[in-house]
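Here the structure is laid out as structure tokens; the discussion comes afterwards.
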Amino acid sequence: MPADYRAPLTDMQFVVTELCAFDQVAALPGQGDLEPSLAEAVLSEAARFSQEVLSPLNVVGDQSGAQVDAQGEVRCAPGFKQAYSQFVEAGWNGLSCSVEHSGQGLPQLVAAAVNEMWNASCMSFALCPMLTAGAIHALERHGSETQKRLYLPKMVSGEWAGTMNLTEPQAGSDLAAVATKAWPLNKPGPSGEPGYCIHGTKIYITYGNHDLTENIIHLVLARLPDAPEGVKGISLFVVPKQLVTATGDLGEANDLKTVSLEHKLGIHASPTAVMSYGEASGAVGYLVGEPHRGLEYMFTMMNDARLQVGIQGLAIADRAYQQALAYAHERVQGKVLAQTQTRPIAYHPDVCRLLGQMKSRIDAMRALSYEAAAMLDLAAHCPDPSQAAAYQSRGDFLIPIVKAWCTESSIELTSMAVQVHGGMGYVEDTGAAQHFRDARITTIYEGTTAIQANDFLGRKLARDKGSEAKKLLSEVQETARQLAGHEHKDCQAMGAVLLKASAVLQESIDASLEALQTQQSVGAFMGSVPLVMLSGFVLGGWMMGRAALVAYNKKDQAPFYECKLQSASFYCQQVLLPQLGLVHAVKAGQQAYDQACAFTQV
């Protein structure tokens, strides 16, 4: 049977309160009560909820999935509705939301750890509050005062859910091809705001319909009659499943329906819907912000979602690791080399290698993901505008790396977990296969790995000609120098690897930018995925180096710190060092593109 999930609280608390910028975040306006003890209490209670309430749903949801009934309504897997009610009653949905809308106002740094627990315990369940959180952030930033008043309180509480509706059958990731139409109505809608008629079809809508909440607030991209072509002609609309009156009460059903649910490789309990708007009288929607700026507004939601999907990759990898670790220490097979007594397979060299790869990489992924979350906290609330802008630049730089690197790593690490199980990993009864299947979507939705890599190169690096990258790599080099000059030999070795890694990454960035400047953009983007992956491995090493410096000073206080030192050393030597060869793929450029085209054409 699948192993139960246990939140790695010690490591989470270490990263939140000792490694990332916790003191700086706690000093921000509105965070007067934030102390390590409060963060630890929140994480401990979240761990209990994830373990006792959500984790048991993981296998049930995978086996049962979501279903559409005869009336076209979606019914979630057994136990989901009851668990969601408990989730809302406990106040988890509004954890990091503004207190202005009855949220708890806790920082993203703390929420990142909590969200990791939700996704590790039951990723299919966690997708519903994740999408709602993104919709909340978009309306907080760009919605009218009426929209905020009518929708945000119940979305923050979790009484209502939210979605984003981007993709269409003919468009895919090319949002310039969005064809859903919107035109003004002659009278205001029930809310009193000017109404618009929405007509079109959207696909791949996560939690597009379900029975967890009494209303679902869809954010839909559509084109007004005077819209210019391309992405500059897209507007954003609020389209509620149930129309809402000016007093906040539920009105009549809106003209939208679930055409079908997709049959997917994984995350079976998450209803991925084909949504049709306006087939009968016309769906009523309300314009968010200004016309034709919908994609800009939606990026508020997408940017948050990309960080959260990166955390999903981390979460599912850790769940798979726990599964593999438990099995490896239970399974006894064959004689362990250089051992006289019978030992579990965890002591076989290659199984030990796999477990070491998984654990050290998960540690690095967790640290870099939480670091990105902390930067967003500092950017949002720092009272100094110039400092806030610097933090935002750092957060924006890290998000495509976290999303691409953590999700791609999750596929590799969940595959390793299957390998640890041997033939039993290929059998659904052990649960290892589910993690592998669930992880596969993370590199695709909220922007594929290529989209993240193109954003990283084409926007984050090219716009400032690598300035933010140089700032960050100077910090990496400073950490490396501290390690290289350390009294501990393992720290010295880590410092040497990290110095080499920072130089290799800078060389790769310089080569990519030079290719862009010399009009060899095809070659530059041919290497963009290797570049973003190399960035993840190097910055993961930076976080592990920082962790080693903290852990060394406390290694006599608890065994955890000695383990953290060993994990950091293993990562630098066995994970980071072999990955530096990615520089060759980054620099291969136009030649590699021409060669690949030559032998892959049909």
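The values are calculated or read from the model by the stated rules, or taken from the named source; none is laboratory data. A quick note: this is a predicted structure, and the numbers were derived from the prediction, not measured. Glycine gets a Cβ as well: all are built from the backbone with ideal geometry, and neighbour counts include every protein chain shown. Heavy atoms of the whole protein, side chains included, go into the accessibility calculation; ligands, DNA and RNA do not. Shrake-Rupley method; radii C 1.70, N 1.55, O 1.52, S 1.80 Å.
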Legend entry - Given (1) open to solvent by less than 10 Å² (accessible area, probe 1.4 Å); (2) within 19 Å of residue 205 (Cα to Cα), index of the condition residue 137 fails: (1)
Inset, instruction - Determine whether region 172-185 contains at least one residue that is out of contact with any Phe, Trp or Tyr (no Cβ under 8 Å at 6 or more places or on another chain) and under 25 Å from residue 80 (Cβ atoms). - result: no
Inset, instruction - Restrict the check to region 350-361 and report whether at least one residue is acidic (Asp, Glu) and within 25 Å of residue 18 (Cα to Cα). - result: no
Legend entry - Residues satisfying the stated conditions in region 472-493, i.e. assigned to a helix (DSSP H, G or I), in contact (Cβ under 8 Å) with a residue 12 or more places away in the chain and not small (Gly, Ala, Ser): 472, 473, 475, 476, 477, 479, 481, 482, 483, 490, 491
Inset, instruction - Give region 211-232 a look and list any residue that's aliphatic (A, V, I, L, M) and open to solvent by 50 Å² or more (accessible area, probe 1.4 Å), or say none. - result: 231
Inset, instruction - Kindly indicate whether residue 290 is within 20 Å of the chain's Cα centre (by Cα), more than 28 Å from residue 366 (Cβ to Cβ) and of a type in the set (D, E, K, R). - result: no
Inset, instruction - For residue 205, work out the one condition from (1) at negative phi; (2) over 22 Å from the mean Cα position of the chain (by Cα) it doesn't fulfil. - result: (2)
Inset, instruction - May I ask you to list the residues in region 1-35 that are outside any loop (DSSP other than H, G, I, E, B), within 17 Å of residue 105 (Cα to Cα) and open to solvent by less than 60 Å² (accessible area, probe 1.4 Å)? - result: 16, 22, 25, 26
Inset, instruction - Could you please give the count of residues in region 192-210 that are open to solvent by 10 Å² or more (accessible area, probe 1.4 Å) and touching a helix residue (DSSP H, G or I) at 6+ places or on another chain (Cβ under 6 Å)? - result: 2
Legend entry - Number of the exception - residue 90 against (1) in contact (Cβ under 8 Å) with a residue 40 or more places away in the chain; (2) open to solvent by 10 Å² or more (accessible area, probe 1.4 Å); (3) more than 19 Å from residue 119 (Cβ to Cβ): (3)
Inset, instruction - Give region 534-592 a look and list any residue that's in a helix (DSSP H, G or I) and charged (D, E, K, R), or say none. - result: 546, 562, 564, 587
Inset, instruction - May I ask you to list the residues in region 418-444 that are outside any loop (DSSP other than H, G, I, E, B), open to solvent by 50 Å² or more (accessible area, probe 1.4 Å) and free of Cβ contacts under 8 Å to residues at least 40 places away in the same chain? - result: 423, 426, 428
Inset, instruction - Look at region 305-347 and say how many of its residues are of a type outside the set (Gly, Ala, Ser) and farther than 15 Å from residue 7 by Cα. - result: 21
Inset, instruction - Would you check if there is a residue in region 37-45 being assigned to a helix (DSSP H, G or I), open to solvent by less than 10 Å² (accessible area, probe 1.4 Å), farther than 30 Å from residue 436 by Cα and aliphatic (A, V, I, L, M)? - result: yes
Inset, instruction - Look through 68, 42 and report the one residue that is touching a residue at least 24 places away in the same chain (Cβ under 8 Å), of a type outside the set (Ser, Thr, Tyr) and in contact with a helix residue (DSSP H, G or I) (Cβ under 7 Å, 6 or more places away or on another chain). - result: 42
Inset, instruction - Examine region 111-125 for a residue that is among the charged types (D, E, K, R) and open to solvent by less than 20 Å² (accessible area, probe 1.4 Å), and state whether such a residue exists. - result: yes
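Okay, residues lined up against (1) out of contact with any Ser or Thr (no Cβ under 9 Å at 6 or more places or on another chain); (2) at pLDDT below 95; (3) surrounded by fewer than 17 Cβ atoms within 10 Å (Cβ to Cβ); (4) assigned to a helix (DSSP H, G or I):
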site: 496; (1), (2), (3), (4): yes, no, yes, yes
site: 509; (1), (2), (3), (4): no, no, no, yes
site: 515; (1), (2), (3), (4): no, yes, no, yes
site: 519; (1), (2), (3), (4): yes, yes, yes, no
site: 522; (1), (2), (3), (4): yes, yes, yes, yes
site: 529; (1), (2), (3), (4): no, no, no, yes
Inset, instruction - Please find, among 82, 104, the residue that is in a loop (DSSP other than H, G, I, E, B), open to solvent by 20 Å² or more (accessible area, probe 1.4 Å) and either modelled with pLDDT of 90 or more or in contact with a Cys (Cβ under 7 Å, 6 or more places away or on another chain) (or both). - result: 104
Inset, instruction - Look through region 147-167, keep the residues that are more than 14 Å from residue 288 (Cα to Cα) and out of contact with any strand residue (DSSP E or B) (no Cβ under 6 Å at 6 or more places or on another chain), and return whichever of them is surrounded by the most Cβ atoms within 10 Å (Cβ to Cβ). - result: 156
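Each row is one residue, and each column tells you yes or no for (1) outside any helix (DSSP H, G or I); (2) open to solvent by less than 60 Å² (accessible area, probe 1.4 Å); (3) touching a Pro at 6+ places or on another chain (Cβ under 8 Å).
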position: 332; (1), (2), (3): yes, no, yes
position: 342; (1), (2), (3): yes, no, no
position: 350; (1), (2), (3): no, no, no
position: 356; (1), (2), (3): no, yes, no
position: 370; (1), (2), (3): no, yes, no
position: 377; (1), (2), (3): no, yes, yes
position: 386; (1), (2), (3): no, no, no
position: 409; (1), (2), (3): no, yes, no
Inset, instruction - Go over the candidates 395, 458, 447 one by one and state the one that is closer than 30 Å to residue 549 by Cβ, surrounded by fewer than 24 Cβ atoms within 10 Å (Cβ to Cβ) and touching a residue at least 12 places away in the same chain (Cβ under 8 Å). - result: 395
Legend entry - Subset tally (residues that are open to solvent by 30 Å² or more (accessible area, probe 1.4 Å) and either under 12 Å from residue 268 (Cβ atoms) or in contact with a strand residue (DSSP E or B) (Cβ under 8 Å, 6 or more places away or on another chain) (or both)) for region 56-79: 9
Legend entry - Checklist (1) under 26 Å from residue 538 (Cβ atoms); (2) assigned to a helix (DSSP H, G or I); (3) open to solvent by 40 Å² or more (accessible area, probe 1.4 Å) applied to residue 361, failing item: (3)
Inset, instruction - Would you confirm whether any residue within region 470-487 is within 26 Å of residue 589 (Cβ to Cβ), touching a Pro at 6+ places or on another chain (Cβ under 9 Å) and surrounded by fewer than 21 Cβ atoms within 10 Å (Cβ to Cβ)? - result: no
Inset, instruction - Mind listing whichever residues of region 85-101 are assigned to a helix (DSSP H, G or I) and under 19 Å from residue 41 (Cβ atoms)? - result: 86, 87, 89, 92, 93, 94, 99
Inset, instruction - Taking residue 296 as the residue in question, decide whether it is under 20 Å from the mean Cα position of the chain (by Cα), open to solvent by 20 Å² or more (accessible area, probe 1.4 Å) and of a type in the set (Asp, Glu). - result: yes
